[in-house]
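**Student:** This is the structure, below, for whatever I ask next.
The values are calculated or read from the model by the stated rules, or taken from the named source; none is laboratory data. Note that the coordinates shown come from a computational prediction; the quantities given were computed from them, not determined experimentally. Cβ coordinates were reconstructed from backbone atoms using ideal geometry, including for glycine residues, and neighbour counts include every protein chain displayed.
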Amino acid sequence: MKNTWTNRFSGFTRIKIVGKYTELFLNRCIRENISIWHIRRVGEETIICYISLTDVKRIRPVVRETKVKIYFIERKGLPFFIQKMISRVGFVGGLVSFIFILFILSNMVWNISIEGASPKVEHQLSQAVKELGIKKGKFHFLLPSVEEIQMKVTSEIEEATWIGVTLNGTTYHFNVVEQTFPKKQEPVPPRHLVAKKKAIIYDIFVEQGQGKVAPNDFVEKGAMLISGFIGKEGRMEISPAKGKIFGEVWYKSNVSVPLVSELATLTGEKKANYSISVINVAIPIWGFGKPDFTEYEVNEYSSSLKFLKWEIPIKYNRKFFFEKETLIQEYTKEEAIAVATLMAREELLKKLDEGSVIKGEKVLHEAIENDKVKLMIHYQVIEDIAISQPIIQGD
């Protein structure tokens with residue numbers, strides 16, 4: 001019988017058979033279905049072979065019948081290895097403790113590196129990192145993911161344009177790109193200021209150049225507002241036009257709001273499940289089963305465990321169930337109109353330049369269709385309508 005990997009688990013031994021009836025011994029073993037393999041004759045009355053540990057007791061009657069002697073030469077397999085380890089319990093215990101401590105240390109934070117930040121930003125980032133629980137001695141798998149850390153610290157540090165976060169071994173690296181302030185403005189080249197859209201002039205302030213419009217004038221897109229030419233004919237000079245021209249611009253907005261709608265909201269109740277995955281097989285350790293919530297939202301986080309710098313196929317998983325409930329929102333016609341008007345105004349303000357002001361608004365059309373209030377709203381907006389136009393040689 002061949003020595004397969006199963007014999008390594010069950011154990012086997014190498015024996016020497018001495019006697020006149022060694023062939024008879026082998027025949028009896030085969031007849032009794034006793035596992036022996038690698039049979040080799042080393043003398044006229046001596047044979048060496050391997051036998052399974054489970055069959056050692058079964059050969060005793062065969063030995064007595066064939067009047068041979070058995071000598072155990074070598075023992076191999078898991079049972080003998082375990083026995084040897086038990087006899088050396090101190091060494092084995094020390095080795096296991098060393099590996100366990102090394103495994104624990106490999107999954108802890110031992111250093112936090114911040115690069116590319118000024119002292120002020122570095123201090124702010126250090127405080128933000130501490131608030132997230134990232135400090136020496138913390139386990140990696142109990143901390144937020146690298147992506148979540150990056151999102152939170154980037155939103156908190158206003159003076160940083162971008163913060164990159166990486167986890168290398170036991171060290172968190174933070175690479176900071178700070179905001180760069182605009183350089184000193186270069187001299188403005190000769191130019192005119194023209195209208196970027198049609199409007200009625202509301203107010204004009206000429207800082208440099210020659211104003212071409214007055215309040216209440218109607219201008220089309222591209223119309224001259226402030227000219228870069230200064231002086232009279234024959235003594236004309238060219239300069240960069242500067243100033244502020246505010247115009248009244250009209251906008252239309254179409255918006256609809258349902259009279260009855262469903263809103264999903266979180267109640268604040270939650271349940272957590274913790275598990276360990278070994279080669280994609282999840283083993284629950286705390287918080288079993290799904291929650292009793294009728295509706296819920298699930299957030300899952302998974303962190304790989306490490307041994308030194310290598311990731312091992314073991315993951316620490318966290319699953320959070322947040323209770324959710326659906327609310328029915330009903331509006332009267334007047335309430336729906338108020339909500340639609342507010343939505344339209346906020347949407348318009350997002351599109352306007354900074355400093356623009358909504359002077360007036362008027363509902364042009366109002367209707368209820370398919371349980372929705374639909375509005376068409378007209379807006380009067382005061383905004384800066386000037387845009388530069390270079391003065392080309394020969395103008």
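**Student:** Could you list, in sequence order, all residues of segment 1-49 that are surrounded by fewer than 16 Cβ atoms within 10 Å (Cβ to Cβ), small (Gly, Ala, Ser) and modelled with pLDDT of 85 or more?
**Tutor:** 43 - this is the single residue of segment 1-49 that is surrounded by fewer than 16 Cβ atoms within 10 Å (Cβ to Cβ), small (Gly, Ala, Ser) and modelled with pLDDT of 85 or more.
**Student:** So how many residues does segment 287-310 have that are under 29 Å from residue 98 (Cβ atoms), over 18 Å from the mean Cα position of the chain (by Cα) and assigned to a strand (DSSP E or B)? Steps first, please.
**Tutor:** As a first pass, look at segment 287-310 and keep what is under 29 Å from residue 98 (Cβ atoms): 302-310.
After this cut, where a residue has to be over 18 Å from the mean Cα position of the chain (by Cα) as well, the list is 306-310.
Those still in the list that are assigned to a strand (DSSP E or B) too: 306-307, 310.
Counting residues in segment 287-310 that are under 29 Å from residue 98 (Cβ atoms), over 18 Å from the mean Cα position of the chain (by Cα) and assigned to a strand (DSSP E or B) gives 3.
**Student:** Among 165, 194, which is assigned by TED's automatic domain parsing to the domain that holds residue 246 and in a strand (DSSP E or B)?
**Tutor:** The match here is 194.
**Student:** Can you pull out the residues in segment 77-93 that are loosely packed, with under 15 Cβ neighbours inside 10 Å and either assigned to a loop (DSSP other than H, G, I, E, B) or at pLDDT 85 or above (or both)?
**Tutor:** If the condition is that a residue be loosely packed, with under 15 Cβ neighbours inside 10 Å and either assigned to a loop (DSSP other than H, G, I, E, B) or at pLDDT 85 or above (or both), then 88 is the only one that fits.
**Student:** Only one of (1) surrounded by 12 or more Cβ atoms within 10 Å (Cβ to Cβ); (2) assigned to a strand (DSSP E or B) fails for residue 207. Which number is that?
**Tutor:** Going through (1) surrounded by 12 or more Cβ atoms within 10 Å (Cβ to Cβ); (2) assigned to a strand (DSSP E or B) one by one, residue 207 breaks only (1).
**Student:** Still on this structure, I have one more. Please determine whether any residue of segment 53-60 is among the β-branched types (Val, Ile, Thr), closer than 30 Å to residue 165 by Cβ and in a helix (DSSP H, G or I).
**Tutor:** Step one: of segment 53-60, the residues among the β-branched types (Val, Ile, Thr) are 54, 56, 59.
The next check asks that each one be closer than 30 Å to residue 165 by Cβ; those that pass are none.
The answer is no; no qualifying residue exists.
**Student:** Out of the residues in segment 4-26 that are of a type in the set (S, T, N, Q) and under 60 Å from the mean Cα position of the chain (by Cα), which is nearest to residue 47 (Cα to Cα)? Talk me through it step by step, then tell me what you get.
**Tutor:** Taking segment 4-26 and keeping what is of a type in the set (S, T, N, Q), we get 4, 6-7, 10, 13, 22.
Imposing the further condition that a residue be under 60 Å from the mean Cα position of the chain (by Cα) reduces the set to 4, 6-7, 10, 13.
Values: 4: 21, 6: 24, 7: 21, 10: 23, 13: 14 Å.
Here the answer is 13.
**Student:** Then there's this: Any residue at all in segment 1-16 that's without any contact (Cβ under 8 Å) to a residue 40 or more places away in the chain, farther than 30 Å from residue 307 by Cα and in contact with a Cys (Cβ under 8 Å, 6 or more places away or on another chain)?
**Tutor:** Scanning segment 1-16, I find no residue that is without any contact (Cβ under 8 Å) to a residue 40 or more places away in the chain, farther than 30 Å from residue 307 by Cα and in contact with a Cys (Cβ under 8 Å, 6 or more places away or on another chain), so the answer is no.
**Student:** For segment 230-244, does any single residue satisfy the condition of being surrounded by 15 or more Cβ atoms within 10 Å (Cβ to Cβ), farther than 30 Å from residue 355 by Cα and small (Gly, Ala, Ser)?
**Tutor:** no
**Student:** Any residue at all in segment 347-369 that is over 30 Å from residue 294 (Cβ atoms), part of a helix (DSSP H, G or I), outside the structural domain of residue 265 (by TED's automatic domain parsing) and among the acidic types (Asp, Glu)? Talk me through it step by step, then tell me what you get.
**Tutor:** Looking only at segment 347-369, we keep the residues that are over 30 Å from residue 294 (Cβ atoms), and these are 347-369.
Now narrow it down to the ones that are part of a helix (DSSP H, G or I): 347-351.
Still in the list and also outside the structural domain of residue 265 (by TED's automatic domain parsing): 347-351.
If we keep only those that are among the acidic types (Asp, Glu) too, we end up with 347.
Yes - at least one qualifying residue is present in segment 347-369.
**Student:** OK, next. I'd like to verify a number: residues in segment 352-387 that are of a type outside the set (A, V, I, L, M, F, W, C), modelled with pLDDT of 90 or more and under 25 Å from residue 204 (Cβ atoms), how many?
**Tutor:** Residues meeting the conditions: 9.
**Student:** Follow-up question, since we're still on this one. Residue by residue through segment 18-43, note down the ones that are touching a residue at least 12 places away in the same chain (Cβ under 8 Å), part of a loop (DSSP other than H, G, I, E, B) and not hydroxyl-bearing (Ser, Thr, Tyr).
**Tutor:** Passing the criteria: 19, 20, 32, 34.
**Student:** In addition: I'm trying to understand the selection: among the residues of segment 107-164, which are in contact (Cβ under 8 Å) with a residue 60 or more places away in the chain, aromatic (Phe, Trp, Tyr) and surrounded by fewer than 15 Cβ atoms within 10 Å (Cβ to Cβ)?
**Tutor:** Listed by number, the list holds a single entry, 110.
**Student:** Given the conditions (1) in a strand (DSSP E or B); (2) in the same structural domain as residue 342 (by TED's automatic domain parsing); (3) not hydrophobic (A, V, I, L, M, F, W, C), and given that residue 221 satisfies all but one, which numbered condition is not satisfied?
**Tutor:** Only one criterion is unmet by residue 221, namely (1).
**Student:** Give segment 94-141 a look and list any residue that's among the hydrophobic types (A, V, I, L, M, F, W, C), within 16 Å of residue 308 (Cβ to Cβ) and part of a loop (DSSP other than H, G, I, E, B), or say none.
**Tutor:** Within segment 94-141, 109, 110 meet the criteria.
**Student:** A further question on this structure: Does segment 372-392 hold any residues that are small (Gly, Ala, Ser) and within 15 Å of residue 354 (Cβ to Cβ), and which are they? I'd like the intermediate steps shown before the answer.
**Tutor:** Residues of segment 372-392 that are small (Gly, Ala, Ser), as a first pass: 386, 388.
Hit for segment 372-392 is 386, nothing else.
**Student:** Please go through (1) free of Cβ contacts under 8 Å to residues at least 60 places away in the same chain; (2) surrounded by 15 or more Cβ atoms within 10 Å (Cβ to Cβ); (3) within 56 Å of the chain's Cα centre (by Cα) for residue 70 and return the number of the only condition it doesn't satisfy.
**Tutor:** Single failed check for residue 70: (3).
**Student:** Return the residues of segment 129-142 that are under 18 Å from the mean Cα position of the chain (by Cα) and not aromatic (Phe, Trp, Tyr); say none if nothing qualifies.
**Tutor:** Passing the criteria: 129, 132, 133, 134, 140, 142.
**Student:** Might you let me know whether segment 36-48 holds any residue that is in contact with a Pro (Cβ under 9 Å, 6 or more places away or on another chain) and among the aromatic types (Phe, Trp, Tyr)? So that I can check it myself, show each step before the final result.
**Tutor:** From segment 36-48, those in contact with a Pro (Cβ under 9 Å, 6 or more places away or on another chain) are none; that's our starting set.
No - not one qualifying residue is present in segment 36-48.
**Student:** Out of 285, 314, 276, which single residue is surrounded by 12 or more Cβ atoms within 10 Å (Cβ to Cβ), farther than 30 Å from residue 363 by Cβ and free of Cβ contacts under 8 Å to residues at least 12 places away in the same chain?
**Tutor:** 285
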